[in-house]
Amino acid sequence: TSTTTKIWVRTAASMEVNISYQQKGSEAIQQTPTVVTNLTDDFTAKIELIDLKPGVEYVYWVHVDGQAVTQAGTTSFETAPDGPSTFSVAFGSCMKYAFSSTMPVFNSILAEAPQILLMIGDNMYANSTLPPVLKHFYLRVRTVESYAAVLANTATWATWDDHDYTGNNTDAKSPGKENSLEAFERYWANPSHGSDEKPGVWTSFIWGDVEF
């Protein structure tokens, strides 16, 4: 948002994680509270940074068990403006060949430095509702370095299509869809997931004077 962001992280085991960040060009460094990842959530965490300034670029780096695992200045994000603004949006989907490719298109996206990335479905091809299979595909696709670099430097929202939902041409009657929703919530940091009355992956957000 214009004053907050969430950083999604995953560790190899249960570990303490916190994030240092600073406004680009500033010497003042802030730190988030420490969180401990756990097996129940597959060692993932969504760490929120608050009290940010609108329309500003921040650099950040991640600490795991007290050790920096990213270098200062190599990862950054930009907060949303608090009024009308010019910005660019990138779209991604249909990442079926991510396992055998470096996916250079994401290098091109990173070079364009969009403020927003929308992953609009078929973001991986598990074609399954089995939790171990969903986990494998979600994590495997994020080993593609070009894709990981875009995610680490761009405000990202996601939805799904059939292949990352339950399988090819499936619909709302598909059994096991609850597992797919649980995995989606774990591996994406969307601001919300449907509503209490109607679970799902739909959400909304505002960037400048545009509602998505």
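The values are calculated or read from the model by the stated rules, or taken from the named source; none is laboratory data. For clarity, every value in this text was computed on a predicted model and none was experimentally measured. For neighbour counting, all protein chains shown are included, and Cβ atoms are generated from backbone atoms with ideal geometry for every residue, glycine included. Surface areas here come from the heavy atoms of the whole protein model, side chains and all, with no ligands, DNA or RNA. Shrake-Rupley method; radii C 1.70, N 1.55, O 1.52, S 1.80 Å.
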Once all protein chains are kept in place, D65 shows an accessible area at probe 1.4 Å, nearest 10 Å², of 90
In whole percents, the bins of 5 Å from zero upward hold the Cα-Cα pairs of the range 99-212 as 2, 11, 20, 23, 20, 14, 8, 3, 0
Taking only Cα atoms of the range 55-110, the Rg to Rh ratio with Kirkwood Rh works out at 1.08
accessible surface per residue for the range 54-212, probe 1.4 Å, DNA/RNA/ligands not counted, whole Å² -> 52
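Could you tell me the calculated FRET efficiency between E197 and S76, based on Cβ-Cβ distance and R0 = 45 angstrom, to the nearest 0.05?
Efficiency for this residue pair is about 0.75.
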Excluding residues fewer than 8 positions from K96 in its own chain, the aspartates and glutamates with Cα under 15 Å of it are D122, D161, D162, D164
Whole-percent tail of the Cα-Cα distance distribution for the chain, cut at 30 Å, equals 22
The range 103-187: relative contact order from alpha carbon pairs under 8 Å, six or more residues apart, as a whole percent, is 41
Cα extents of the range 154-199 along the principal axes, largest first, in whole Å, come to 31, 25, 13
Restricting to Cα pairs under 8 Å and 6 or more apart, the percent relative contact order of the range 4-54 works out to 50
Stretched fully, the stretch from F87 through R140 gains (0.36 nm per residue minus C-alpha distance, one decimal, in nm) 16.0 nm
The rounded separation in angstrom of the Cα centers of the range 18-63 and the range 106-175 is 23
Per the helix-only model, the chain has a calculated mean residue ellipticity at 222 nm (DSSP H runs of ≥4, -39500 (n - 2.57) each, divided over all residues, rounded to the nearest 500) of -5500 deg cm²/dmol
Percent relative contact order for the chain, counting Cα pairs under 8 Å at least six residues apart, stands at 18
Compactness check, the range 1-55: C-alpha Rg relative to the 2.2 N^0.38 Å globular estimate gives 1.27
For the table K6/K177; K6/K198; K6/K53; K177/K198; K46/K135, the rows whose alpha-carbon distance is greater than 21 Å are K6/K177; K6/K198
With all protein chains in place and a 1.4 Å probe, M15 shows an accessible area in Å² (nearest 10) of 50
So the carbon and sulfur contribution to the accessible area of the chain, 1.4 Å probe, in percent, is 52
Of 167-179, 81-93, ordering from highest average Cβ density within 10 Å down gives 81-93, 167-179
